[in-house]
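Below is one structure, written out as structure tokens; comments come after it.
A short reminder: the numbers here are calculations on the coordinates, not readings from a lab. Here the structure is a predicted model, which means the values were calculated and not measured. Neighbour counts run over all protein chains shown; Cβ positions are idealised from the backbone, glycine included.
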Amino acid sequence: MLNKDIHLVFCIDEHYVQHLAVLIKSIECNHQTSAKLNFHVLQQGIPKAKIDKLRSMPLKGELNLYEINFDAFVGLPIWGHFSESIYSRFLIESIIPQSIDKIIYLDVDMVNLVDIQELWDLPLNGDLLLRASVDTGSNSPHIKEKFGLVKYFNSGILLINLKEWRKRHISSLCIDFIKANKREVECPDQDALNVILKGLWIELDFSWNFHSGHYVLNPLPKDVIVKIVHFAGIYKPWQYVSLDPFRDKYFQYLKLTPWHDFKYSDKTFLNIIKRFIFLYVPSKMIFKIIPFVHGFRVFFNKQFRKFIH
């Protein structure tokens, strides 16, 4: 793979345009080499006003927007916070120009803190399809056991060998897998990628996919250089109740976007109380509550899936 330009791919809906702008700015501001940054955005149904606002942001790189449709995803499970947009990445192989054979895919609830060139330069040779970081959560235990997944990666950031991905028709295989296992998958797109790419990926250091939500109530690990922050917790920096240790980084880059005048839309009395609790109630007590809430959500989602399918 001899791409001199850096190609980054994002999939968004209208609720994440602001956060995409923040991520793009964080990548651009930390980029030090002469390699051109190419931002490829797959989107569906975003109002023109939001698109125009995004395009008004000065960039050193190139912004490419692709309008997609979800026809290929009919019959795939949708519940809770999972919408059709989670499957957008399965269109990458056909939407992104065929001349591009390597990409970095990123979820947009992230902020980049280093030169993305460092990630781009990691090798992807031969049959190796991607680099990804090991998932540190307890997602999809049934899928892991059923399909013998010793390692299970988080799909929030992926360095992809797109040439080999196309050759093996990975997207079609993932869609077929989800349709065949839609009553069992917990994180549909991520589960499918892990099963289909079993043995075809290599581990990416967790500093490239640092889940900051784990450290809201815990001290940050020492001697770790965080490269990309993933706001994968329950509360994101743009939510009033968030106490994410990297929330200031989000607002640092937000100031450089057309959304610099952002105001919290969820600063309600209830959320003021929640924030007070998170700040002043002992963490041991909060830790007793969180597993109960998470367990209820998992139980509810499972029952809901059985009902709709």
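Take every pair of alpha-carbon atoms less than 8 Å apart whose residues are at least six positions apart; their mean separation over the length of the stretch 120-215 yields a relative contact order of 42 percent. Highest-first packing order for the peptide set 224-232, 259-267, 144-152 is 224-232, 144-152, 259-267, based on the mean count of other beta carbon atoms within 10 Å.
Model label sites at residue 136 and residue 234, defined 7 Å from Cα along the beta-carbon direction, differ in position by 1.8 nm.
Pairs 25/227; 163/198; 25/60; 60/163: which exceed 21 Å Cα-Cα?
Details: 25/227 15 Å; 163/198 18 Å; 25/60 10 Å; 60/163 27 Å.
In this structure, 60/163 exceed 21 Å between Cα atoms.
Measuring nothing but how far apart in sequence close Cα pairs (under 8 Å, 6+ apart) lie, relative to its length, the chain scores a relative contact order of 19 percent. Peptides 37-46, 97-106 ranked from most to least packed give 37-46, 97-106, packing being the mean of other C-beta atoms within 10 angstrom over each peptide's residues. Between the stretch 225-251 and the stretch 1-70, how many Å separate their Cα centres? After rounding, the separation between the Cα centres reads 20 Å. Within straight-line reach of residue 151, meaning a Cα separation under 15 Å, sit the following aspartates and glutamates at least 8 residues removed in sequence or on another chain: 135, 191, 203, 205. Measuring from a point 7 Å past the Cα of residue 252 along Cα-to-C-beta, which residues in the stretch 101-118 have an amide N at less than 14 Å? Only 111-115 pass the distance filter. Between 30, 279, 6, the Cα set farthest toward the positive side of the dipole of the chain (charges on each charged residue's Cβ, about the Cα centre) is that of 279.
Converting the Cα gyration tensor eigenvalues of the chain into ellipsoid dimensions via √(5λ) gives semi-axes, longest first, of 28, 26, 20 Å. Modelled spin-label separation between residue 117 and residue 51, with each label point placed 7 Å from Cα along the Cα-to-Cβ direction: 3.3 nm.
The simple Förster model, with R0 at 25 Å and r as the Cβ-Cβ distance, assigns residue 15 and residue 60 a FRET efficiency of 0.40.
A crude spin-label estimate for the pair residue 268 and residue 84, with each label 7 Å from Cα along the Cβ direction, gives 2.8 nm.
Net length available on complete extension from residue 36 to residue 225 is 65.6 nm, with 0.36 nm assigned per residue and the Cα-Cα distance removed. Kindly flag which residue pairs out of 236/267; 50/167; 146/179; 4/236 have an alpha-carbon separation exceeding 25 Å in this structure. Long pairs (Cα-Cα over 25 Å): 50/167; 4/236. For residue 183 and residue 128, a Förster radius of 30 Å and the Cβ-Cβ distance give a FRET efficiency of 0.40, rounded to the nearest 0.05.
Compute a Gaussian network model of the chain, connecting alpha carbons closer than 10 Å, and tell me which residue from 119, 173, 270 fluctuates the most. Result: 270 has the largest fluctuation of those listed.
With both residues required to sit in the chain, DSSP beta bridges show an antiparallel share near 40%. Note on residue 145 and residue 203: the extension gain reaches 18.9 nm, defined as 0.36 nm multiplied by sequence separation minus the Cα-Cα distance.
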